[in-house]
Every structure is written in structure tokens, then in C-alpha cells.
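The values are calculated or read from the model by the stated rules, or taken from the named source; none is laboratory data. Keep in mind that this is a model prediction, so the values were computed, not measured. Please note: Cβ atoms are built from the backbone with ideal geometry, for glycine as well, and neighbour counts cover all protein chains shown.
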């Protein structure tokens, strides 16, 4: 009689892998003791990061804004933040002239090699999200877009592209002074912006010769602002920004 009431368990069942039922009452209770870096903490940080990326059609990578990248670089010592491998896709001469602090030079031409196209740093970071991510950049993101798709085709999917390239750092005074090393080049205008500017210039009436035009207003990138306030704003944007802010 007693044996008939016992639940039958097949030999193939692994009882040690069955998790006990979770209680909704204690679902939001977090540990008070900091036990170090865990998968749960890394996943929570990764969800916040995904709110700050852009997706475009026919692109197999994600885009990241300069402000979000700065927040990640500043928080690399934080155990909850992912490690960032920053790859400069320009030539070695351009890299030596000016590059982002902490970036590794990886010319895009290396991707065309038939054997071993990736350097050891890339192999260490590939497909290790949310603990590790790879960020690509060049001067105007053109090379990064092509390289990001090639990375995906070669089996690496934790790749991000810096939106607007190094131009986004050059045009911001704070980012330019704190992130760029070397002789900073002038910002390269986009093809759309240059065409619009030339159209406006051609339709504008010629100014009187010998009378210089007065500059009205000051560009945002040249306005001085407090460094501590900027860092605080960048850190909070990673936690509070929403996908709608990208449009």
C-alpha cells in the first residue's frame, strides 16, 4: 500500500538540477553582503547598457554613443560594469598621431587576412558578454560599419560601433581633453552636412568685402562646464536613459 503511493522517478531524472519554486514575496529581496562579481550582477548591468544602443537595418552589430562609452570606461573598476576593448581601425600612422586613451590599434585591413585575422586581445574578449564587450571606432564610423559586419560574419557578436566615430569625441571639448591623446585633428564634416552647408552658402547673399562677419553664439562644444557635473550626468544617463532618447 505504501509503495503504491510513492512517486515513480525514472533513472534518467536529475533531481539535483531541479530548482525549488520561487516565492513572489521575496522576488525583489537583494543580498546585503557584497560577494564580488557574479553573473546576476553582470546581467543587470548589461540590460542597462542595452537601453543605450541603437539598431539599424542590415547591421549585425549595435551602436553606442560617446557619452555611454565614457560612462563604461569610467566604471571599468566597478565589478558590475563590463570590461571594454576599444579598437582603433585606422592606420598605424593615424593611430600614432591621435587616438582614444586606452585604445588598441587594429587596422581594418587585417580583417582581409585569410589566416588568423584577429589579435590575441580580440580572442580574449570575443563572445564574452555581458562580462566583456568590443567597441570599434574610426574617424567617421565608415570603416567601423563594414568591420562590425565582418566581425559578425566571423562569429563575434558582442561588437559595438561608436556612433559618429572619433568625430563625436573631437566635437565635445570635455571628451576631447580627457579621452584623446596626441595632436587632435579637426572634425571631419559628414557628407550630408557639407552638402547642406554648400547649398546654404550658395543661396546666401555675398557679404560686403572687408567687413568680417560677427560670430553669433558659442558652439556647445566650446562652452566650459564643470568636470564633476559632466561625469555625474554621464553616469546617470547609463541608468536612466530610455530607447526613445536615441531617436
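Within the stretch 120-148, residues that are at positive phi and buried (at least 20 other Cβ atoms within 10 Å of the Cβ) reach partners that are at pLDDT below 95 and in a helix (DSSP H, G or I) with beta carbons closer than 9 Å, at six or more positions or on different chains, in the pairs 141/167; 141/168.
This table checks each residue for (1) buried (at least 19 other Cβ atoms within 10 Å of the Cβ); (2) modelled with pLDDT under 95; (3) closer than 29 Å to residue 181 by Cα.
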residue	(1), (2), (3)
52	yes, yes, yes
77	no, yes, yes
91	no, no, yes
96	no, no, yes
117	no, yes, yes
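Any residue that is within 17 Å of residue 89 (Cα to Cα) and either at pLDDT below 90 or surrounded by 19 or more Cβ atoms within 10 Å (Cβ to Cβ) (or both) - is there at least one of those in the stretch 189-205? No, the conditions are met nowhere in the stretch 189-205. Just checking, does the stretch 67-75 include any residue being over 15 Å from the mean Cα position of the chain (by Cα), surrounded by fewer than 18 Cβ atoms within 10 Å (Cβ to Cβ), over 17 Å from residue 169 (Cβ atoms) and modelled with pLDDT under 90? Within the stretch 67-75 (the criterion being over 15 Å from the mean Cα position of the chain (by Cα), surrounded by fewer than 18 Cβ atoms within 10 Å (Cβ to Cβ), over 17 Å from residue 169 (Cβ atoms) and modelled with pLDDT under 90), the answer is no, since none of the residues qualifies. Residue 160 passes every criterion in (1) within 19 Å of residue 58 (Cβ to Cβ); (2) surrounded by 14 or more Cβ atoms within 10 Å (Cβ to Cβ); (3) over 17 Å from the mean Cα position of the chain (by Cα) apart from (3).
Assess whether residue 154 counts as being at pLDDT 90 or above, surrounded by fewer than 17 Cβ atoms within 10 Å (Cβ to Cβ) and closer than 27 Å to residue 58 by Cβ. It would help to see each step written out before you state the result.
Numbers: at pLDDT 90 or above: yes; surrounded by fewer than 17 Cβ atoms within 10 Å (Cβ to Cβ): yes; closer than 27 Å to residue 58 by Cβ: yes.
So residue 154 fits the description; yes.
For the stretch 119-145, a tally of residues being in a loop (DSSP other than H, G, I, E, B) and farther than 17 Å from residue 180 by Cα returns 7. Apart from one condition, residue 131 fits all of (1) within 21 Å of residue 69 (Cβ to Cβ); (2) at pLDDT 90 or above; the exception is (2).
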